[in-house]
Amino acid sequence: MRKVLILHGWHASPPPHWQDWLARELVSRGVIVAFVQLSNPMNPSLALWLREAAEALAALRPDTVVCHSLGNVLWWHLCHTQRALHVESLLMVAPPRDLSDYEAVAEFFPVALPQELYATESLLVTSEDDPYLNKAEALRFARALGVKHISFQNMGHINAASGYGPWPWMLEQVMAQGGHRDS
């Protein structure tokens, strides 16, 4: 049976965010989903989020991981600390540039892009008008990570504020990514 781990970013991804919608849609299709609600999303602790994400990974052993915003940075920290488990597919949506000038998330930065993403397939999804990562930065991330990159126009930070509650395209991507294990 397919298993998906969803890692939200700063401020979490409550309804009507696409990650919340995605979790519900996947469950309705028989997918096992862990949409981890990381502690104190408005003022997160890197150490606590690392522990919570590592525990969720170990418990679920997902086929696919879907990260949004600061959730991508969390995954990169997991990769650097070798707490990430290998997955079939990794979808990285709207990662931010270095946000160390934002006190609430400063401890997450700087973070080097990992050489190993612990994924068989990886996809970087960005928007050309994302206020937290411009087009040139997104291209640099994709090249440095060595991953496939899809860039959309006029999607902002690809969150509820930019109109992304239901996002059928992302559901299709998750369902199409990687294989699955029968464990």
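Readers should treat all values here as calculations from the given coordinates under stated rules, not as data from a laboratory. Bear in mind that the values here come from a model prediction, so they are computed numbers and not experimental data. Glycine gets a Cβ as well: all are built from the backbone with ideal geometry, and neighbour counts include every protein chain shown.
Data overview
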quantity: Residues of region 79-110 classified as surrounded by fewer than 17 Cβ atoms within 10 Å (Cβ to Cβ), of a type in the set (A, V, I, L, M) and free of Cβ contacts under 8 Å to residues at least 60 places away in the same chain, total; calculated: 2
quantity: Residue match in region 122-143 (condition: of a type in the set (Ser, Thr, Tyr), touching a strand residue (DSSP E or B) at 6+ places or on another chain (Cβ under 9 Å), buried (at least 20 other Cβ atoms within 10 Å of the Cβ) and closer than 22 Å to Arg2 by Cβ); calculated: yes
quantity: Leu57 of a type in the set (A, V, I, L, M) and within 15 Å of the chain's Cα centre (by Cα); calculated: yes
quantity: Unique residue being surrounded by fewer than 20 Cβ atoms within 10 Å (Cβ to Cβ), touching a residue at least 60 places away in the same chain (Cβ under 8 Å) and either acidic (Asp, Glu) or outside any loop (DSSP other than H, G, I, E, B) (or both) when the list is Glu25, Glu55; calculated: Glu25
quantity: Selected residue (only one of Pro62, Pro96, Pro44 is farther than 14 Å from Gln19 by Cβ, touching a Lys or Arg at 6+ places or on another chain (Cβ under 7 Å) and part of a loop (DSSP other than H, G, I, E, B)); calculated: Pro62
quantity: One residue from Pro166, Pro131 being in contact with a helix residue (DSSP H, G or I) (Cβ under 9 Å, 6 or more places away or on another chain) and in a loop (DSSP other than H, G, I, E, B); calculated: Pro166
quantity: Residue match in region 117-132 (condition: among the small types (Gly, Ala, Ser) and under 22 Å from Ala54 (Cβ atoms)); calculated: yes
